[in-house]
Amino acid sequence: MYRFEAVIHLIGVNPFVFVPELILENLFLKSGKRKGSIPISGQINGKDFQQTLVRFDGEWRLYINTAMLKNSPKRIGETVKLMIDFDPSDRSIACPEQLKQALDQNPDAKLIFEKLSPSRQKEIVRYIARLKSEQSIQKNLEKAIAFLKGQGRFVGRAKPE
């Protein structure tokens, strides 16, 4: 585990910290890559988390969500203590059967879904997979299919690109 302290910054509405260059270099070596996302795990102020390190706007950033750190959007400027390391564990999420069926019943939406980048597909699959109640699943499946057909927003997006 690599230990460091960092100040929470904000880009758009997203709190994040910069990871020190030496730690980044070690993570690149362990992950075997310098592009795309790098899965990591660790602790923030003593609380365990799993997250993905991503490069955005030319900089590698560790985004801090509220599951990792309570009230993180209100903590901009705060210094936090972090421990991180490369996390090789499997993070794949199976496509929920309800989503498969909805796509099969809507060939136009399925065609658009299949043309999406893997990260966009994963975003939709993950969103539906994390829903608990059957009512929420059905409501959001309707939204997802409409979104894929170009009718409305879903997962914070206006267009399925």
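The values are calculated or read from the model by the stated rules, or taken from the named source; none is laboratory data. Note that the coordinates shown come from a computational prediction; the quantities given were computed from them, not determined experimentally. We place every Cβ from the backbone using ideal geometry, glycine too, and count neighbours over all the protein chains shown. All accessible areas refer to the heavy atoms of the entire protein, side chains included, with ligands and DNA or RNA removed. Shrake-Rupley method; radii C 1.70, N 1.55, O 1.52, S 1.80 Å.
Among residues that are open to solvent by 70 Å² or more (accessible area, probe 1.4 Å) and at pLDDT 95 or above, Phe18 is included. Applying the condition of being of a type in the set (Ser, Thr, Tyr) and exposed (fewer than 15 other Cβ atoms within 10 Å of the Cβ) to the stretch 45-93 and asking which residue is modelled with the highest pLDDT yields Thr79.
Of the residues examined, Gln151 is not one that is open to solvent by 60 Å² or more (accessible area, probe 1.4 Å) and at pLDDT 95 or above. Take the conditions (1) closer than 18 Å to Phe18 by Cβ; (2) within 16 Å of the chain's Cα centre (by Cα); Leu82 misses just one of them, which is (2). Looking only at residues of the stretch 94-118 that are among the polar types (S, T, N, Q) and over 20 Å from Ile38 (Cα atoms), we find that the one that is most open to solvent (accessible area, probe 1.4 Å) is Gln105. Sub-8 Å Cβ pairs linking a first residue in the stretch 30-44 that is surrounded by 15 or more Cβ atoms within 10 Å (Cβ to Cβ) to a second residue that is modelled with pLDDT under 95 and of a type in the set (D, E, K, R), at least 6 apart or interchain, are Pro39/Arg91, ordered by first then second residue. Reported count of residues in the stretch 13-69, each being in a loop (DSSP other than H, G, I, E, B) and of a type in the set (Gly, Ala, Ser), is 6. Counting only helices (runs of 4 or more DSSP H) wholly contained in the stretch 72-161, no element carries 3 or more residues that are free of Cβ contacts under 8 Å to residues at least 40 places away in the same chain and acidic (Asp, Glu).
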